[in-house]
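Peer 1: Encoded as C-alpha cells, here's the structure I'll be asking about.
The values are calculated or read from the model by the stated rules, or taken from the named source; none is laboratory data. What you are looking at is a predicted structure, and each value in this text was computed from that prediction instead of being measured. Cβ: placed from backbone, ideal geometry, glycine included. Neighbour counts: every protein chain shown.
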Amino acid sequence: MNAEVGTRNAEQRGETLPPRDLRERTKVFALAIVRLVDALPRGRAADVIGRQLLRAGTSVAANYRSARRARSRKEFLAKMGIVEEESDESSFWLELLFEAGLVTSGRVSELRDEAEQLVAITIASIHTAREGGRSVPRSAFRVPR
C-alpha cells in the first residue's frame, strides 16, 4: 500500500521515486479512504467515524481538483485552505479509528502519514501562492470584468 499512498519510507531509505502529480496523489488517497471505510466493522462508532472520514478524505481530492481550476489567486488560496483542513481532519479521524480499536495500526499508519504529507505540501503551496511567485492555475472559465 505504501506505493499507493506514502513516499516517506522510500525517501528515508535514500531511494529515488518518480515525481507524482498531486492531483493523482489526492485521488489515490481518497480511494484508499473509501476502501478503508468500506472494510470497517459495522457498529455505531465505526459508522459515525467512518462517515466523517469518508467526507473529509474524499474532500481532499475534490477541493484540490477545484483549486487547480481557480479563477483567481484568492479562490486558489481559499480552496487550498480547505484541502489543508480536510487533510488534517482525515488524519484526526484515522487516529481516532485506531485509538478506538476499530482498525489495526498497519491499516491506518500509511494513510495517516500520507494525510500529514498532504497537509505539509498544501501549506507550502499556500505560502508560495501568497508570496506571489508563479501564477496560480487558471480556469478556462473566465470571470467577466
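Peer 1: Across segment 69-105, what is the total count of residues that are in a helix (DSSP H, G or I), of a type in the set (Gly, Ala, Ser) and free of Cβ contacts under 8 Å to residues at least 12 places away in the same chain?
Peer 2: Within segment 69-105, the subset in a helix (DSSP H, G or I) is 73-99, 105.
If we keep only those that are of a type in the set (Gly, Ala, Ser) too, we end up with 78, 81, 87, 90-91, 105.
Now drop any that are not free of Cβ contacts under 8 Å to residues at least 12 places away in the same chain, which leaves 78, 105.
Residues that pass the stated criteria total 2.
Peer 1: Now a separate question. Of these, 33, 49, which one is assigned to a helix (DSSP H, G or I), out of contact with any Phe, Trp or Tyr (no Cβ under 7 Å at 6 or more places or on another chain) and β-branched (Val, Ile, Thr)? First the steps, then the outcome.
Peer 2: Numbers: 49 fails: out of contact with any Phe, Trp or Tyr (no Cβ under 7 Å at 6 or more places or on another chain).
Just a single option satisfies the conditions, and that option is 33.
Peer 1: Of the numbered conditions (1) in contact with a Gly (Cβ under 6 Å, 6 or more places away or on another chain); (2) farther than 15 Å from residue 122 by Cβ, residue 90 fails exactly one; give the number of that condition.
Peer 2: All conditions pass for residue 90, except number (2).
Peer 1: Answer with yes or no whether residue 54 is among the aliphatic types (A, V, I, L, M), closer than 26 Å to residue 21 by Cα and surrounded by fewer than 20 Cβ atoms within 10 Å (Cβ to Cβ).
Peer 2: On the way: among the aliphatic types (A, V, I, L, M): yes; closer than 26 Å to residue 21 by Cα: yes; surrounded by fewer than 20 Cβ atoms within 10 Å (Cβ to Cβ): yes.
Judged against the criteria, residue 54 is a match.
Peer 1: Suppose we filter segment 106-136 for residues that are without any contact (Cβ under 8 Å) to a residue 60 or more places away in the chain, in contact with a helix residue (DSSP H, G or I) (Cβ under 6 Å, 6 or more places away or on another chain) and either assigned to a loop (DSSP other than H, G, I, E, B) or over 24 Å from residue 20 (Cα atoms) (or both); how many remain?
Peer 2: Qualifying residue count for the region: 0.
Peer 1: On the given criteria, is residue 10 farther than 14 Å from residue 90 by Cα, modelled with pLDDT under 95 and in a helix (DSSP H, G or I)?
Peer 2: Working: farther than 14 Å from residue 90 by Cα: yes; modelled with pLDDT under 95: yes; in a helix (DSSP H, G or I): yes.
Yes, satisfied.
Peer 1: Just need a number here: residues in segment 58-68 that are touching a residue at least 40 places away in the same chain (Cβ under 8 Å) and crowded, with 19+ Cβ neighbours inside 10 Å. Let's see the steps before the verdict.
Peer 2: First, the residues of segment 58-68 that are touching a residue at least 40 places away in the same chain (Cβ under 8 Å): 60, 64-65, 67-68.
The next check asks that each one be crowded, with 19+ Cβ neighbours inside 10 Å; those that pass are 60, 64, 67.
Counting residues in segment 58-68 that are touching a residue at least 40 places away in the same chain (Cβ under 8 Å) and crowded, with 19+ Cβ neighbours inside 10 Å gives 3.
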